[in-house]
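Worksheet: one structure, shown below.
The values are calculated or read from the model by the stated rules, or taken from the named source; none is laboratory data. None of these values were measured; they are calculated from a predicted model. Here Cβ is always computed from backbone atoms with ideal geometry, including for glycine, and neighbour counts include all displayed protein chains. Accessible surface is based on the protein model in full, side chains and every heavy atom, while ligands, DNA and RNA are left aside. Shrake-Rupley method; radii C 1.70, N 1.55, O 1.52, S 1.80 Å.
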Amino acid sequence: MGGQYRITGDKYPRMRRRRGRRRLVFLVVASVTALGLVGWGTLQLIDVFTGKGDKATAAGTKGDCTSKAGPSAKATTTSTAAGTLPRPGQITVNVLNATPRSGLAKQTADELKKRGFRIGDVGNATATYDKKVNGAGILLGAKGAAQAALPVLGTQLSGAEVKTDGRAQADRVDLIIGTAFKSLAKKEDADKALATLSGPQPAASASPKSC
């Protein structure tokens, strides 16, 4: 080109951005940041005056207390059972019929024998109990049998009443059949109950400290 628009030499004019655009972008960013800070501060003031901040602190304290209490409350297990309770073969059962129905004592004694119990006397109940047992039956034995032979025998007859007397022999107990007796517990149910009774029993856990 010629005239006043003629370019001479080896230098060319540089194209520069307008400074006004930069200032506009800076002002927009600064305004957004300021509005965000103002909004956050307002929410904090609202929480303080409405008490939400205290609730959050209290909830956090409570959670910490609960988590710390867990490990300190140690549950222990006592190994009772199999070693202290007698086996059915170590228990002699006198089967006595206190009902008007005949044959119950022998029938029940035969079933108990199949389940491993030793059988003692089989016959009618004494006058103290004859026709006077309204429930399924009574398990009667020495005081020492209350935590040994009687619970083991009790797994075979649900709903039986447990009593103790002054006899000395703890491994010889009575099963007195009552008028509500229908049959012994099913063998599989009795076996499960005996296994549960003979298993280790959990002791009471230590109570956690209050906060």
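Taken over region 137-149, the criterion of being of a type in the set (A, V, I, L, M, F, W, C) and in contact with a strand residue (DSSP E or B) (Cβ under 8 Å, 6 or more places away or on another chain) is satisfied by Ile138, Leu139, Leu140, Ala142, Ala145, Ala146, Ala149. Considering Gly159, Gly116, the condition of being within 17 Å of Ala190 (Cα to Cα), assigned to a loop (DSSP other than H, G, I, E, B) and touching a helix residue (DSSP H, G or I) at 6+ places or on another chain (Cβ under 6 Å) is satisfied by Gly116 alone. Only one of the numbered conditions (1) outside any strand (DSSP E or B); (2) at pLDDT 95 or above is not met by Leu175, and that is (1).
Scanning region 111-140 for residues that are among the β-branched types (Val, Ile, Thr) and either within 14 Å of Gly89 (Cα to Cα) or open to solvent by 60 Å² or more (accessible area, probe 1.4 Å) (or both) yields a count of 4. Could you tell me how many of the residues in region 81-113 are in a helix (DSSP H, G or I) and not charged (D, E, K, R)? Count: 9. Do we find that Gly103 is open to solvent by 20 Å² or more (accessible area, probe 1.4 Å), free of Cβ contacts under 8 Å to residues at least 12 places away in the same chain and not basic (Lys, Arg) in this structure? Here the answer is yes, as Gly103 does meet what is asked.
Which ones in region 134-182 are over 28 Å from the mean Cα position of the chain (by Cα) and touching a residue at least 60 places away in the same chain (Cβ under 8 Å)? If the condition is that a residue be over 28 Å from the mean Cα position of the chain (by Cα) and touching a residue at least 60 places away in the same chain (Cβ under 8 Å), then Ala149, Asp171, Arg172, Val173, Asp174, Leu175, Ile176, Ile177, Gly178, Thr179, Phe181 are the ones that fit.
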